[in-house]
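Structure, as structure tokens:
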Amino acid sequence: MGELAKELVRLSGTQAVHGIIPEALLRFERDYEPGQNASKTIDEKQFGRTTVVPDMHARKHMMAQEVINGGDGSGFVALSGGYGTLEELMEVVTWNQLGIHARGVVVFNVEGYWDGLLQWVRKAVDSAFIAENNAGIMVEAKTAEDVVDKLMHYQNAEGRFDLDWTEK
């Protein structure tokens with residue numbers, strides 16, 4: 001993610017990036033050693049604005065709130081990645097299904113990276129583990145332009161639950 005942040009800063013400036021990283025991951029992403037001052041380790045001119053949080057739960061919560069509170073076209077985009085990417089993607093898909101958020105969820109399927117996941121969704125629908133009217137919660141994009149278009153024109157699935165998540 002650090003390389004992606006650097007490239008976005010290079011292309012669009014420091015305000016184009018807000019990285020949210022747990023302190024424990026800093027040493028993998030920013031050559032940080034425990035006990036260092038994190039603000040001195042993170043070069044905003046290189047990585048953009050970065051918020052250091054205590055753990056993954058705080059990271060996901062902060063990222064989700066930024067997207068949920070975003071303007072038109074805000075949404076979640078999964079780039080090619082590993083276990084963490086898949087876990088975060090499935091969480092925001094589930095949150096959409098449960099009505100926790102109503103933002104778009106897009107998989108950027110570069111060179112077929114997400115084909116297996118999309119095939120799994122179709123199999124889960126065919127096996128009745130996912131309702132057919134929830135199959136479209138996660139949408140596929142194959143180009144960067146397609147990602148933007150899918151976010152701007154995202155339609156929530158008809159099968160979403162209309163649950164009240166406000167604190168009482």
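Points worth noting:
- Tally of residues being assigned to a loop (DSSP other than H, G, I, E, B) and exposed (fewer than 14 other Cβ atoms within 10 Å of the Cβ) across the stretch 109-131: 3
- Scope the stretch 91-108; condition part of a loop (DSSP other than H, G, I, E, B) and over 16 Å from the mean Cα position of the chain (by Cα); matching residues: Gly99
- Among the numbered conditions (1) surrounded by fewer than 19 Cβ atoms within 10 Å (Cβ to Cβ); (2) under 14 Å from Met138 (Cβ atoms), the only one that Ala78 does not meet is (1).
- Identity of the residue in the stretch 132-145, loosely packed, with under 14 Cβ neighbours inside 10 Å and among the polar types (S, T, N, Q), that ends up nearest to Asn109 (Cα to Cα): Thr143
- Those helices (runs of 4 or more DSSP H) of the stretch 1-72 in which 1 or more residues are among the acidic types (Asp, Glu), buried (at least 17 other Cβ atoms within 10 Å of the Cβ) and at pLDDT below 80 occupy 26-29.
- Answer residue from the stretch 132-168, given it is in contact with a Lys or Arg (Cβ under 8 Å, 6 or more places away or on another chain) and part of a loop (DSSP other than H, G, I, E, B) and is farthest from Gly73 (Cα to Cα) among those: Ala135
- Only residues that are in contact (Cβ under 8 Å) with a residue 12 or more places away in the chain and under 18 Å from Leu117 (Cα atoms) were counted across the stretch 62-83, and they come to 5.
The values are calculated or read from the model by the stated rules, or taken from the named source; none is laboratory data. If you're wondering where the values come from, they're calculated on a predicted model, not measured in any experiment. Heads up, the Cβs are rebuilt from the backbone with ideal geometry, glycines too, and the neighbour counts pull from every protein chain shown.
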